[in-house]
Amino acid sequence: MSESCCENPQLQWESRRIVDRFADVLACANCRRTHKVEDWAISLPLPMPEQCVNCGGDMRVDTSRSRHGLPERVSACASCGLSGKATRKLHRKLARLHPSGEYLQAAEAASDGGRTVLAFKLATAHLAYVEDHPRARILRIRGLEALGLVDGALAEAWQWFDEGAPSDVLGIIAGLEAARGNLEGTVEALERGLQIDPQNIDMWTDYAEIQAHLDDREGALVSAGYGLGDPDLKQRCLEVVATIGERFYAEDRLEAALEAVNRAGKAKQESVSVSWLTARIAARLKQWEESQAWLEVTLKLDPQHVYARQALERIKPRESKRGGGWFGWLGGTGRDGED
């Protein structure tokens, strides 16, 4: 580590545009000192036979070169100057940065490590030299998005879909449309994808979140139900349930709020947001034992939940009195117990 870096260095890769090229930059997240720059030429268009895999330029026949004193016709890029043979050699060298020596595996490893530009370059090489593989396509699309070229990512994703891509690409398109702030395009892509593949719970979960954002409450609850049984999607779906329930609670529509949280079924016990809301609904309905039970669930999930602990300390003595006049936390409608 360089002496000029900070006392608590945290190195991470990030992608930057440098003039007309892109680079993977290893920098310290604390002091922002740059430790390494990997400046790559990349082919933004999908590789075509007449284009350079290295930079996307046009390949032309170069007759100015010679070998052993004899003129040689070589296909070379008009932009970067590399021949087709030199370009392939360069990419093989980059692939060998990974133990497998394979373009796609090296690209995925580079992406996982935050080296977006290198991953994009290797994914492009896989498409050009090996096969049209979905994972390589996705790496390119995600790479374009990460480099701030969202319109290019969308164009490539739609082109892939028109060529017969799996319906999952519509979920990617929906995410890209959301990144552009085009909610109408997001909804259209998700609905189109779900018509093709109605069992795609990833898209149902995305759809539920969009419906919640648009305040389509019943639609959001129905869509979220598809992902509640999936371990990887459950928490996102529970957050949708909690969001809709909180809106009903804020409007003093307690029965509707209760119906919303009950859509989560047994999964209610796995979400702080849902269990805390359920406890508050029960208290408003003067169901003291039910409220106490859900406060205990909340504290089991989050022992540091201050508002649930305060409520539980107050509900125990009051529950025994079965009294009227309730206390401050009942009026708190927010997830953190605030008004």
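The values are calculated or read from the model by the stated rules, or taken from the named source; none is laboratory data. As the structure is a prediction and not an experimental result, all values here were calculated from the model. Methodologically, a virtual Cβ is constructed for each residue, glycine included, from the backbone with ideal geometry; neighbour enumeration extends over all protein chains shown.
A few notes on this one:
- Region 207-258, subset among the basic types (Lys, Arg) and touching a residue at least 12 places away in the same chain (Cβ under 8 Å), residue nearest to LYS286 (Cα to Cα): ARG247
- Taking residues in region 140-151 that are in contact (Cβ under 8 Å) with a residue 12 or more places away in the chain, and partners anywhere that are in a loop (DSSP other than H, G, I, E, B) and not hydrophobic (A, V, I, L, M, F, W, C), the pairs with Cβ atoms closer than 7 Å and at least 6 places apart or on different chains are VAL150/ARG180.
- Condition check for ASP168: of a type outside the set (S, T, N, Q) and modelled with pLDDT of 95 or more: no
- Candidate set from region 30-48 (those that are closer than 19 Å to ALA110 by Cα and not β-branched (Val, Ile, Thr)); member that is nearest to the chain's Cα centre (by Cα): LEU44
- Residues of region 249-266 satisfying the condition of being at pLDDT 95 or above, farther than 13 Å from LEU221 by Cα and out of contact with any helix residue (DSSP H, G or I) (no Cβ under 6 Å at 6 or more places or on another chain): ALA250, GLU251, ASP252, ARG253, GLU255
- Residue check, GLY225 out of contact with any helix residue (DSSP H, G or I) (no Cβ under 7 Å at 6 or more places or on another chain), surrounded by 17 or more Cβ atoms within 10 Å (Cβ to Cβ), under 30 Å from LEU299 (Cα atoms) and at pLDDT 95 or above: yes
- From the list ALA208, ALA212, ALA224, the lone residue that is within 21 Å of LEU258 (Cα to Cα), under 17 Å from the mean Cα position of the chain (by Cα) and not acidic (Asp, Glu) is ALA208.
- Scope region 143-153; condition assigned to a helix (DSSP H, G or I) and either among the small types (Gly, Ala, Ser) or closer than 23 Å to ALA125 by Cβ (or both); matching residues: GLY143, LEU144, GLU145, ALA146, GLY152, ALA153
- ASP202 vs. criteria charged (D, E, K, R) and part of a loop (DSSP other than H, G, I, E, B): no
- Scope region 177-213; condition aliphatic (A, V, I, L, M) and at pLDDT 95 or above; matching residues: VAL187, ALA189, LEU190, LEU194, ILE196, ILE201, MET203, ALA208, ILE210, ALA212
- The listed residues are GLU246, GLU296, GLU239, GLU289, and the only one of them that is exposed (fewer than 15 other Cβ atoms within 10 Å of the Cβ), part of a helix (DSSP H, G or I) and either at pLDDT 95 or above or among the aliphatic types (A, V, I, L, M) (or both) turns out to be GLU296.
- Flag for ARG60 being part of a strand (DSSP E or B) and of a type in the set (D, E, K, R): yes
- Of the residues ALA128, ALA212, ALA220, ALA174, the single one that is under 18 Å from LEU44 (Cα atoms) and not in a loop (DSSP other than H, G, I, E, B) is ALA128.
- Residue count for region 1-49 satisfying the condition of being in a loop (DSSP other than H, G, I, E, B) and without any contact (Cβ under 8 Å) to a residue 12 or more places away in the chain: 9.
- Residue check for TYR103: more than 29 Å from ARG180 (Cβ to Cβ), at pLDDT 95 or above and surrounded by 19 or more Cβ atoms within 10 Å (Cβ to Cβ): yes
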